[in-house]
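The values are calculated or read from the model by the stated rules, or taken from the named source; none is laboratory data. Keep in mind that this is a model prediction, so the values were computed, not measured. No Cβ is skipped: glycine too gets one built from the backbone with ideal geometry, and neighbour counts run over all protein chains shown.
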């Protein structure tokens, strides 16, 4: 039995890395339950309009990985307010992101990331794992500190939550400004005191960036909207990092619109009393 998706419920993005373009199209193709025919299909959360990319850092994380791997794939946005019955059959009790790869369903985003890194491997596809473990670890507490800050309703406690968030930004900034070992040339007469690298682990985006950048974007947008918080200009390493990230289509073209982030946190960021 073939059951077509309603065009008002699901939007698909066909991405062809060989041309480096992202083409949006209404998905009219039918499905043979329980799995789609497409070889690589990622399902991600839709935005408030039911079609655009929604605010889901885990979805964006996997979207970026597939893009960076340089494979042709299909990304389908799912309207969670009108989740199609065929998707309920495909992944019962599961919310995006999930992946169908060669008709095999995968629903745990960490396992999906591991699978993609192991399966889409050299020589055909690039490794995305960072060389330095700290590149993964350095921002691990940042989002939790932001969540506590944005959810706080007590005015007198606000400064303490903000200080905790700033400490995590300082830790990230210190790491980004500290040269990595492979940046240091022992034969050079010039001593490199401040890192010049573009991203967390060097000049190439890695899994560490795919994890941290979606969260940084959320923090930047939501904290400004609801707490009038700006990442301090003194954190030059963080701003260099963000500037370089926003110059990459793998990041910017997978970001939700700011309004999607703002809508997500509208009820969470309660007024302080």
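Does residue 182 meet the test of being within 27 Å of the chain's Cα centre (by Cα), exposed (fewer than 12 other Cβ atoms within 10 Å of the Cβ) and in the same structural domain as residue 235 (by TED's automatic domain parsing)? So residue 182 passes the test.
Number of residues in the range 102-114 that are at pLDDT 95 or above, out of contact with any strand residue (DSSP E or B) (no Cβ under 6 Å at 6 or more places or on another chain) and more than 16 Å from residue 209 (Cβ to Cβ): the value is 3. Among residues belonging to the range 224-249 that are closer than 30 Å to residue 76 by Cα and buried (at least 19 other Cβ atoms within 10 Å of the Cβ), point out the one that is farthest from the chain's Cα centre (by Cα). If we take residues in the range 224-249 being closer than 30 Å to residue 76 by Cα and buried (at least 19 other Cβ atoms within 10 Å of the Cβ), then 241 is farthest from the chain's Cα centre (by Cα). Filtering the range 218-239 to residues that are farther than 20 Å from residue 270 by Cα and in a helix (DSSP H, G or I) leaves 236, 237, 238, 239.
Within the range 206-217, not a single residue is part of a loop (DSSP other than H, G, I, E, B) and either over 21 Å from residue 255 (Cβ atoms) or modelled with pLDDT under 95 (or both). Residues that are part of a loop (DSSP other than H, G, I, E, B) and touching a residue at least 40 places away in the same chain (Cβ under 8 Å) were ranked within the range 106-126; the one that is nearest to residue 89 (Cα to Cα) is 120. Of the residues examined, residue 145 is not one that is surrounded by fewer than 13 Cβ atoms within 10 Å (Cβ to Cβ) and in the same structural domain as residue 181 (by TED's automatic domain parsing).
Only one of these conditions is not met by residue 89: (1) modelled with pLDDT under 90; (2) over 25 Å from residue 50 (Cβ atoms). Which number is it? All conditions pass for residue 89, except number (2).
Of all residues in the range 256-267, those satisfying the criterion of being in contact with a helix residue (DSSP H, G or I) (Cβ under 6 Å, 6 or more places away or on another chain) and either surrounded by 19 or more Cβ atoms within 10 Å (Cβ to Cβ) or under 18 Å from residue 153 (Cβ atoms) (or both) are 261, 265. Going by what's in this entry, would residue 32 be described as exposed (fewer than 13 other Cβ atoms within 10 Å of the Cβ) and either in contact with a strand residue (DSSP E or B) (Cβ under 6 Å, 6 or more places away or on another chain) or modelled with pLDDT under 95 (or both)? Spelling it out, residue 32 is indeed exposed (fewer than 13 other Cβ atoms within 10 Å of the Cβ) and either in contact with a strand residue (DSSP E or B) (Cβ under 6 Å, 6 or more places away or on another chain) or modelled with pLDDT under 95 (or both). Considering every residue within the range 198-217, establish whether at least one is crowded, with 19+ Cβ neighbours inside 10 Å and either in contact with a strand residue (DSSP E or B) (Cβ under 6 Å, 6 or more places away or on another chain) or more than 20 Å from residue 171 (Cα to Cα) (or both). Yes; the residues of the range 198-217 include at least one that is crowded, with 19+ Cβ neighbours inside 10 Å and either in contact with a strand residue (DSSP E or B) (Cβ under 6 Å, 6 or more places away or on another chain) or more than 20 Å from residue 171 (Cα to Cα) (or both).
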